[in-house]
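Working notes for the structure below.
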Amino acid sequence: MDLKELLSSFAQITVFAVMLSMGMVLGFGGVTRLWRQPGLLLRCILAAFAIVPLAAMVVTWAIPLSFEARAGIAAMAMIPGAPVTYRKLLKGPADAELAGSFQATMALLSVVLVPLWFGVISALYPSAAAAPLATVFKQVMLVQGAPLLAGAALAQWLPDLTADFEEPLNRISSAMLVGVVLLVLAMGLPLVLKAGPLTVLAVVLMAAAALLSGHYLGGADPIARLTLAQANASRNAGLGLALITLNFPSVAHAVLVTIAAYAVMSAIASKIYAHLYQKRLTLSTPPQDTAQGFNAPGL
């Protein structure tokens, strides 16, 4: 097993553990919070599974990129709901439960929509190495859908058992996630320099499209907008790497350059967006209202 296969396997195990832990923490009530707001749910689906992939298509059409760069951008565009989203937004003026519901919902929808988008991408960029759609479906279901539902089911029907294992699993999965993030950063920062200006420009434009679509489709509530913009921009790099390794093993390392570039640049863009948006809210809202909005119950 070489380095990229080892990294891919570790990423899959980490995603599985994080989704199981998140299901146990949120339960069915937290997972389905977004479902109780049908209008917002539909707008989130539109932003995550339509606008971002279409923006990626426009970007890859307008900018001359290698196949590896296009494949990396496609992988990030197709798979929303990064495992780090929920925990990243636990701190600061964001609605962490809404972020968790977004992540969980997108993970469940990915089971169906990722294989469909993968079929479209495979038709546009045919490759003999591409895995059957059923294999992609199985991969996404096993890594994301199954552990999330299992965790929520345990929280619902075996609360005592969940209480015993929730904290240890949370610590273990958090440590694993930190390991993946550090690996991505350690490999990603040097890789961003290797990506070239066109690839960096492409991922920045895609990150901007993800942030803006989440912002403008996130509704009138400023906290929801802030939360959903950042959640939509956080794409699932671990699962994207796993699917690329599964379908295009010969170019997986080269595709990792683009995936790492997106992970790094989208994180920077999200930080800038959050800082500017909070500053704008602070300037346009009376101090007492701002304090109430940023310290709403449960945040």
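The values are calculated or read from the model by the stated rules, or taken from the named source; none is laboratory data. This is a predicted model, so every value here is computed, not measured. Virtual Cβ from ideal backbone geometry, glycine too; neighbours counted across all protein chains shown. These area figures cover heavy atoms from the full protein model, side chains too; ligands, DNA and RNA do not enter into them. Shrake-Rupley method; radii C 1.70, N 1.55, O 1.52, S 1.80 Å.
Yes or no: residue 156 crowded, with 20+ Cβ neighbours inside 10 Å and in contact with a Gly (Cβ under 9 Å, 6 or more places away or on another chain)? Talk me through it step by step, then tell me what you get.
Working: crowded, with 20+ Cβ neighbours inside 10 Å: no; in contact with a Gly (Cβ under 9 Å, 6 or more places away or on another chain): yes.
Spelling it out, it is not the case that residue 156 is crowded, with 20+ Cβ neighbours inside 10 Å and in contact with a Gly (Cβ under 9 Å, 6 or more places away or on another chain).
I need the full set of residues from the range 40-54 which are among the β-branched types (Val, Ile, Thr) and open to solvent by 10 Å² or more (accessible area, probe 1.4 Å), in order please.
Let us first name the residues in the range 40-54 that are among the β-branched types (Val, Ile, Thr), namely 45, 51-52.
Listed by number, the residues that qualify are 45, 51.
When the range 76-96 is examined, which residues are found to be modelled with pLDDT of 85 or more and in contact with a strand residue (DSSP E or B) (Cβ under 9 Å, 6 or more places away or on another chain)? Full working, then the answer.
Step one: of the range 76-96, the residues modelled with pLDDT of 85 or more are 76-80, 95.
76, 77, 78, 79, 80 - these are the residues of the range 76-96 that are modelled with pLDDT of 85 or more and in contact with a strand residue (DSSP E or B) (Cβ under 9 Å, 6 or more places away or on another chain).
Within the range 253-299, work out how many residues are of a type in the set (Gly, Ala, Ser) and either surrounded by 23 or more Cβ atoms within 10 Å (Cβ to Cβ) or modelled with pLDDT of 70 or more (or both). Spell out the reasoning first.
Applying the first criterion (of a type in the set (Gly, Ala, Ser)) to the range 253-299 yields 254, 260-261, 263, 266-267, 269-270, 274, 284, 291, 293, 296, 298.
If we keep only those that are either surrounded by 23 or more Cβ atoms within 10 Å (Cβ to Cβ) or modelled with pLDDT of 70 or more (or both) as well, we get 254, 260-261, 263, 266-267, 269-270, 274.
The qualifying residues number 9.
Answer with yes or no whether residue 241 is open to solvent by 30 Å² or more (accessible area, probe 1.4 Å) and farther than 16 Å from residue 103 by Cβ. Full working, then the answer.
Details: open to solvent by 30 Å² or more (accessible area, probe 1.4 Å): no; farther than 16 Å from residue 103 by Cβ: yes.
The answer is no for residue 241.
Taking the range 10-52 as the region of interest, how many residues are at pLDDT 90 or above and of a type in the set (S, T, N, Q)?
The number of residues fulfilling the criteria is 2.
Starting from the range 59-79, keep only residues that are closer than 26 Å to residue 231 by Cβ, then list their pairs with residues that are modelled with pLDDT under 85 and open to solvent by 60 Å² or more (accessible area, probe 1.4 Å) whose Cβ atoms are within a distance under 7 Å, requiring at least 6 positions of separation or different chains.
Matching pairs, first to second residue: 70/125.
Give the range 55-76 a look and list any residue that's of a type outside the set (A, V, I, L, M, F, W, C) and either part of a helix (DSSP H, G or I) or open to solvent by less than 10 Å² (accessible area, probe 1.4 Å) (or both), or say none. Steps first, please.
Filtering the range 55-76 for residues of a type outside the set (A, V, I, L, M, F, W, C) gives 60, 64, 66, 68, 70, 72.
Correct list: 60, 68, 70, 72.
Go through the range 27-39 and count every residue that is touching a helix residue (DSSP H, G or I) at 6+ places or on another chain (Cβ under 7 Å) and either free of Cβ contacts under 8 Å to residues at least 12 places away in the same chain or surrounded by 23 or more Cβ atoms within 10 Å (Cβ to Cβ) (or both).
2
Can you tell me how many residues in the range 199-238 are in contact with a Leu (Cβ under 6 Å, 6 or more places away or on another chain) and surrounded by fewer than 21 Cβ atoms within 10 Å (Cβ to Cβ)?
The qualifying residues number 2.
Where residues in the range 40-54 are more than 15 Å from the chain's Cα centre (by Cα) and free of Cβ contacts under 8 Å to residues at least 12 places away in the same chain, which of them is nearest to residue 98 (Cα to Cα)?
The extreme case among them is 42.
Might you check whether a residue that is in contact with a strand residue (DSSP E or B) (Cβ under 7 Å, 6 or more places away or on another chain), in contact (Cβ under 8 Å) with a residue 60 or more places away in the chain, part of a helix (DSSP H, G or I) and farther than 16 Å from residue 72 by Cβ occurs anywhere in the range 221-232? Spell out the reasoning first.
From the range 221-232, those in contact with a strand residue (DSSP E or B) (Cβ under 7 Å, 6 or more places away or on another chain) are 232; that's our starting set.
Filter again for in contact (Cβ under 8 Å) with a residue 60 or more places away in the chain, leaving 232.
Filter once more, so that each one left must be part of a helix (DSSP H, G or I): 232.
Those still in the list that are farther than 16 Å from residue 72 by Cβ too: 232.
The answer is yes; a qualifying residue exists.
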